Amino acid sequence: MFRRMLFGGLLIAAAATAYGATDYPSGYTKCAKDGETCSFSGTRSVAYGKSGTFVYATLTGPITCSASLFPSISVGSPRYCSYSGTSSSSSSSSSSGGGSGSISLTASGGNAQAALSWSLSGVTAGSQEVYFDTDSDPNGRVRIASVSSGARSYTATGLSNGTTYWFWIKNTTDGVATNSNAASATPSGGSSSSSSSGGGGGITGATCSSTGSVSVSSTIRVTSGTYDGGCRTYNPTSDLGSGDQDEGQDPAFRVENGATLRNAILGNNGVDGVHFYNGGNLENFRWTNVGEDAFTIKSSGTVNITGVTGVSGEDKFAQINAASTLNISNCIVDGMGKFLRQNGGTTFKITVNADRCQISNMGEGIFRTDSSSSVARLTNSRLRNSGTMCIGSWASCTGSGNTSY
């Protein structure tokens with residue numbers, strides 16, 4: 001009996017060891033999960049992922065474990081960081097990157113904008129992305145653009161004069177990410193409005209920098225008044241979903257009856273974002289990695305959204321499932337299939353007013369419906385690789401004051 005118990009115990013221990021090892025590669029030390037500090041000295045190869053699937057970057061420690069430091073990866077949250085056992089002397093302490101190369105970035109402020117310029121040394125140009133934040137910690141930084149492999153400059157517009165912004169360039173080649181140093185700039189001038197005409201100010205998107213993290217295992221319901229997230233990062237667990245395109249996932253937040261959700265960041269597992277029932281308001285909200293959809297209007301009402309940023313969604317940013325009015329302004333949306341989609345095959349009327357939005361890298365386009373009674377309007381916005389603006393049978397779909405960049 002004792003021998004059987006001992007043998008069973010050894011099997012359990014071996015299984016636990018094998019299972020744990022799948023969350024970090026052989027020869028690496030697991031140090032943190034998403035949002036936590038990974039402490040190591042020097043510059044090392046760092047792996048990010050879980051369950052035997054990883055991407056890599058060479059980083060200078062300590063770091064905050066964050067998807068923004070690595071090439072994209074398809075496994076669900078939480079993901080883990082682990083570092084190699086030996087330091088590398090080939091990367092400078094001022095930057096973090098892949099391989100032995102580096103990216104040197106400079107930034108200078110203008111009137112409501114910042115001009116970026118960078119050079120690559122020992123790095124093969126690949127997929128290049130521009131990030132910004134209001135502090136120098138790369139955790140929580142926001143992707144604002146994807147540029148061509150030949151680009152070596154970019155102008156970030158719609159910034160607030162007097163506010164210091166920090167910028168990064170991330171280059172990914174053959175699955176290896178190289179991050180630039182963090183370069184800062186403080187716009188100044190006579191006005192903080194963007195180059196877009198009309199509207200009510202610049203395009204800044206969400207402005208929260210993370211003040212901490214919260215684990216979410218059940219949907220947070222905002223049924224009345226205002227829920228202020230305090231700029232914390234809300235990390236849904238697998239109880240709500242995996243953040244992929246599964247239609248059965250739950251939302252992280254449910255806003256009802258005209259209530260307001262503000263000042264929050266949704267972490268890497270985007271699940272089904274935010275649901276609205278009977279109208280509601282969303283202010284200063286960031287989707288770090290859009291899951292199924294960024295938000296869905298589930299029942300009739302008026303939804304007002306302002307100061308939001310959403311990136312990296314395979315399908316839709318907005319899903320509209322009921323006759324309703326959506327007013328959205330001051331938004332930054334990048335890397336989606338579509339900006340907005342009315343539920344396929346439906347004929348009820350929706351009214352969409354989008355103003356002062358920066359929309360880039362849409363796989364298909366901006367507005368899509370099958371309803372010949374629906375109306376959409378896009379004004380004073382900046383567009384880049386945004387596809388077709390109006391797709392389907394709109395009663396009216398128009399734009400004015402929009403520019404390409």
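Structure summary
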{"read-out": "Most fluctuating residue given options ILE350, ILE359, ILE265, as computed from a GNM of the chain linking Cα atoms under 10 Å", "value": "ILE350"}
{"read-out": "For peptides 111-119, 282-290, sequence by mean Cβ density within 10 Å, most packed first", "value": "282-290, 111-119"}
{"read-out": "Cα-based convex hull volume of the chain per residue, rounded to whole Å³", "value": "147"}
{"read-out": "Most mobile of SER104, SER160, SER372 in a GNM of the chain (Cα contacts under 10 Å)", "value": "SER372"}
{"read-out": "Charge sum, other residues only, whose C-beta stays under 12 Å from SER299's C-beta, Lys/Arg counted +1 and Asp/Glu -1", "value": "+1"}
{"read-out": "Total formal charge among the other residues, if their Cβ is under 13 angstrom from that of GLY52, Lys/Arg +1 and Asp/Glu -1", "value": "+1"}
{"read-out": "Tilt relative to the chain, helix 2-21 - C-alpha long axis, 0 to 90 degrees, to 10", "value": "50"}
{"read-out": "Distant-in-sequence amide H partners of CYS38 (H built 1.01 Å from N, under 5 Å)", "value": "ILE63, THR64, CYS65"}
{"read-out": "Carbon plus sulfur fraction of accessible area for segment 300-380, probe 1.4 Å, in percent", "value": "41"}
{"read-out": "Derived scalar couplings ³J(HN,Hα) [segment 103-108; Karplus, 6.51 cos²θ - 1.76 cosθ + 1.60; whole Hz; x for Gly, Pro]", "value": "10, 9, 10, 10, 9, 9"}
{"read-out": "Descending semi-axes in whole angstrom, ellipsoid equivalent of segment 209-358, from the Cα gyration tensor", "value": "21, 17, 15"}
{"read-out": "Antiparallel DSSP beta bridges within the chain, as percent of all bridges there, nearest 5", "value": "40"}
{"read-out": "Phi to ³J(HN,Hα) by Karplus 6.51 cos²θ - 1.76 cosθ + 1.60 over segment 177-183, Hz, x for Gly, Pro", "value": "9, 10, 9, 6, 5, 8, 10"}
{"read-out": "Value of relative contact order over the chain, rounded to a whole percent, pairs C-alpha under 8 Å and six or more apart", "value": "9"}
{"read-out": "GNM result for the chain, Cα springs below 10 Å: residue of VAL308, VAL142, VAL216 fluctuating most strongly", "value": "VAL216"}
{"read-out": "From phi via Karplus (6.51, -1.76, 1.60), per-residue ³J(HN,Hα) for segment 336-352 in Hz, x at Gly/Pro", "value": "10, x, 9, 6, 8, 9, 7, 3, x, x, 8, 10, 5, 8, 10, 10, 10"}
{"read-out": "Computed over segment 282-365, Kirkwood Rh from alpha-carbon pairs, angstrom", "value": "12.7"}
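The values are calculated or read from the model by the stated rules, or taken from the named source; none is laboratory data. Everything quoted here is computed from the prediction, not taken from an experiment. In this analysis, Cβ positions are derived from the backbone assuming ideal geometry, glycine residues included, and neighbour counts consider all displayed protein chains. Areas reflect the complete protein model, heavy atoms only, side chains present, ligands, DNA and RNA absent. Shrake-Rupley method; radii C 1.70, N 1.55, O 1.52, S 1.80 Å.
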